[in-house]
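First the structure, in the form of structure tokens, and then the observations on it.
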Amino acid sequence: MSGWLQAAFILMVLVALHIPLGDYMARVYTDSRHWRAEKVIYRLCGIDPQVDQRWIHYLTALLAFSGTGVLLLYVLLRLQAELPLSVGHAGLSPALAFNTAVSFTTNTSWQNYSGESALGHFALAAGLGVQAFASAAVGMAAGLALTRGLIRRRTDRIGNFWVDVIRSVTRILLPLSLLFAIVFVALGVIQNLEGIRTTVTTLTGSRQPILGGPVASWESIKLMSGDGGGFFGVSSAHPFENPTSVTNVIEIVLMLLIPTGFIRMFGRLVDDRRQGWTLLAVAGTLFLLALVGAAAAENAHHGTVPTAVGAATEGKETRFGVMGGATFGVAATASADGASNSGYDSFTSLGGGVLMAIMMLGEVSPGGCGSGLYGLLIISLVAVFLGGLMIGRTPEYLGKRIGSREIKLVVLYQLATPVAVLVGSALAIGSSNGRAAMGNTGAHGLSEVVYAFTSTANGNGSAFGGLNGDTAFFSTALAITMLIGRYLPIIFVIALAGSLAGQQRGTTTIGTLRSHGPAFALMTVGVALIVGGLTYLPALSLGPLADGLHHTLR
């Protein structure tokens, strides 16, 4: 009961906070003035903030910015040993550096290394930290571009990518991360530039080095940005990252804060807050379904030991309990953040399957920074299209006609990620190198592989720990999956924004399908579940469902 009360409290806090945050973000992106610091950045970078870009130029700037980020981060990781504050760590291998550079530039935070054992403080702050801000801002810019496409009429302009990114960082991400870094320090999260602070003798008699580092400053942005990689190998299960139940609650809220705020911002920008509330209802319903499913699976497992102790406690941090771990896990996978305060491979088969399934829905519950909004809008367009077919009218969304070009882009968006997940998983299972990295055989081994490709393709970064991803095969395969899963959908989203912006807004009549209210929200939830189910049901059946059935009948 205490766990459910905590979950209810988190959701109430989130609903309360997303309103002022979303309203503030709407003002940020519609402000005609530029801050002095922003003007300095524009001059240094040769940016004209008054230029409104066509969709192809907006997309080109986005891809060039991200590609440059991958290159610079790769070089930094390779040269880590020559940089200050490396705390004795060597540079990463070429395959691992490439995987890590792609991971944090694509806002995925997949880690084929164990936190503090591979990265020094400079690489974390100047490398991963910078990309945590930049990659989140890229997603926010893409979501904003699609919103402008729905708002604007008879134009080929969807905004200025550079202005959107810089404002996202300077006015939203940076102030919030600074505020919550101070909060975390006050609540016991460490913040220093030390290496090994001391060495202690553990209860088993072994010697354990105790590390320091800039943990609080990293923790705040890793949670808000969706780049949920841990400073320590065990991420938010480590008491230096997440010391108390209070910090655990704050971390869960931070993972969901900007995605839900973006939904509110959408309602304000389209001048119809009912649209925002409808999308929030869709995301909230899917989130609650996942939370109930994961909690039920973790508290009602049929194994001998879980039955004896009342829940599946293996891999759970005792400070937070089973429900605290389940709530954190659902928030991390539903928000595309990927942080963890428990071992996801130690979840029950069905509990782990819920985490996998919520990612397979495609970042809509509520998803990542910006990516959650455009994911929700895409699934809403599918619902509008199907609803239009059922009532015999041309599909429209916010007065914009969903014609042949638009629905083709929507379909391509919907196919991009599943193809990356399923093809990648099949190649890994069919490869001797892929099978050699599996920590388990049978249904659970398949689940580990499918989870890895699902996580990387959807920009999440969480993992089942039984899979050894630090191999040349998986480092390369998962990096390619991250690039496909991040940028192919964004390409289709920006192209869709350009197509919608060129239309004249139609007149709403009594026969127009309403895109707000409980009926449309319920239809959109159904579409999300049906599309995800039809796409991934075979993989789920052979993986976590078969594994769960095996343990139930054994």
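Per the conditions (1) touching a helix residue (DSSP H, G or I) at 6+ places or on another chain (Cβ under 6 Å); (2) closer than 30 Å to Val28 by Cβ; (3) at pLDDT 95 or above, the sole criterion not satisfied by Leu288 is (1).
For the residues Thr60, Thr105, the requirement of being of a type in the set (Ser, Thr, Tyr) and either touching a Pro at 6+ places or on another chain (Cβ under 8 Å) or closer than 30 Å to Phe328 by Cα (or both) singles out Thr105. Applying the condition of being open to solvent by 10 Å² or more (accessible area, probe 1.4 Å) and closer than 30 Å to Ala132 by Cβ to segment 380-412 and asking which residue is farthest from the chain's Cα centre (by Cα) yields Leu409.
Any chance segment 169-188 includes a residue that's outside any helix (DSSP H, G or I) and in contact with an Asp or Glu (Cβ under 8 Å, 6 or more places away or on another chain)? Full working, then the answer.
Going through segment 169-188, the residues outside any helix (DSSP H, G or I) turn out to be 187-188.
With in contact with an Asp or Glu (Cβ under 8 Å, 6 or more places away or on another chain) added as a condition, the list becomes none.
The answer is no, given that none of the residues of segment 169-188 is outside any helix (DSSP H, G or I) and in contact with an Asp or Glu (Cβ under 8 Å, 6 or more places away or on another chain).
Put simply, of Ala283, Ala300 the only residue that is modelled with pLDDT under 95, in contact with a helix residue (DSSP H, G or I) (Cβ under 9 Å, 6 or more places away or on another chain), closer than 27 Å to Gly548 by Cβ and of a type outside the set (Ser, Thr, Tyr) is Ala300. Of the helices (runs of 4 or more DSSP H) lying entirely inside segment 237-338, those carrying at least 3 residues that are open to solvent by 10 Å² or more (accessible area, probe 1.4 Å) and within 21 Å of Gly226 (Cβ to Cβ) are 245-269, 273-299.
Select, from Leu59, Leu79, Leu119, Leu83, the only residue that is closer than 28 Å to Gly465 by Cβ, over 20 Å from the mean Cα position of the chain (by Cα) and surrounded by 14 or more Cβ atoms within 10 Å (Cβ to Cβ). Steps first, please.
Values: Leu59 fails: closer than 28 Å to Gly465 by Cβ; Leu79 fails: closer than 28 Å to Gly465 by Cβ; Leu83 fails: closer than 28 Å to Gly465 by Cβ.
Testing whether each residue is closer than 28 Å to Gly465 by Cβ, over 20 Å from the mean Cα position of the chain (by Cα) and surrounded by 14 or more Cβ atoms within 10 Å (Cβ to Cβ) leaves just Leu119.
With respect to the stated conditions, Asn341 is touching a strand residue (DSSP E or B) at 6+ places or on another chain (Cβ under 9 Å) and modelled with pLDDT under 95.
Residue count for segment 31-71 under the criterion of being free of Cβ contacts under 8 Å to residues at least 24 places away in the same chain and in contact with a Lys or Arg (Cβ under 6 Å, 6 or more places away or on another chain): the result is 0. Among the candidates Asp52, Asp23, the residue that is open to solvent by less than 60 Å² (accessible area, probe 1.4 Å), farther than 30 Å from Thr327 by Cα and either at pLDDT 95 or above or not polar (S, T, N, Q) (or both) is uniquely Asp52.
Among the residues of segment 377-411, the ones that are of a type in the set (D, E, K, R) and farther than 14 Å from Leu150 by Cβ come to 3 in all.
Selection of segment 376-404 for residues being part of a helix (DSSP H, G or I), of a type outside the set (A, V, I, L, M, F, W, C) and either at positive phi or at pLDDT 95 or above (or both) yields only Ser380.
Does Gly372 satisfy the criteria of being within 26 Å of the chain's Cα centre (by Cα), part of a helix (DSSP H, G or I), of a type in the set (Gly, Ala, Ser) and at pLDDT 90 or above? In short, yes. Scanning segment 431-457 for residues that are more than 28 Å from Ala331 (Cβ to Cβ) and assigned to a helix (DSSP H, G or I), which turns out least open to solvent (accessible area, probe 1.4 Å)? So, considering only residues that are more than 28 Å from Ala331 (Cβ to Cβ) and assigned to a helix (DSSP H, G or I), the one least open to solvent (accessible area, probe 1.4 Å) is Gly434.
For segment 533-553, a residue qualifies if it is closer than 26 Å to Phe385 by Cα and either in contact with a Pro (Cβ under 9 Å, 6 or more places away or on another chain) or open to solvent by less than 10 Å² (accessible area, probe 1.4 Å) (or both), and the qualifying residues are Thr535, Tyr536.
The condition (being within 26 Å of Asn468 (Cα to Cα) and in contact with a Pro (Cβ under 8 Å, 6 or more places away or on another chain)) is satisfied by just one residue among Ala312, Ala326, Ala283, Ala339: Ala312.
Considering Gly139, Gly159, Gly230, Gly213, the condition of being surrounded by 20 or more Cβ atoms within 10 Å (Cβ to Cβ), out of contact with any strand residue (DSSP E or B) (no Cβ under 6 Å at 6 or more places or on another chain), assigned to a helix (DSSP H, G or I) and not basic (Lys, Arg) is satisfied by Gly139 alone.
The values are calculated or read from the model by the stated rules, or taken from the named source; none is laboratory data. Being a predicted model, the structure only gives us computed values, none of them experimental. Cβ sites come from the backbone with ideal geometry, for glycine too, and all protein chains shown count toward neighbours. Remember, those area values only see protein heavy atoms, side chains included, never the ligands or the DNA or RNA. Shrake-Rupley method; radii C 1.70, N 1.55, O 1.52, S 1.80 Å.
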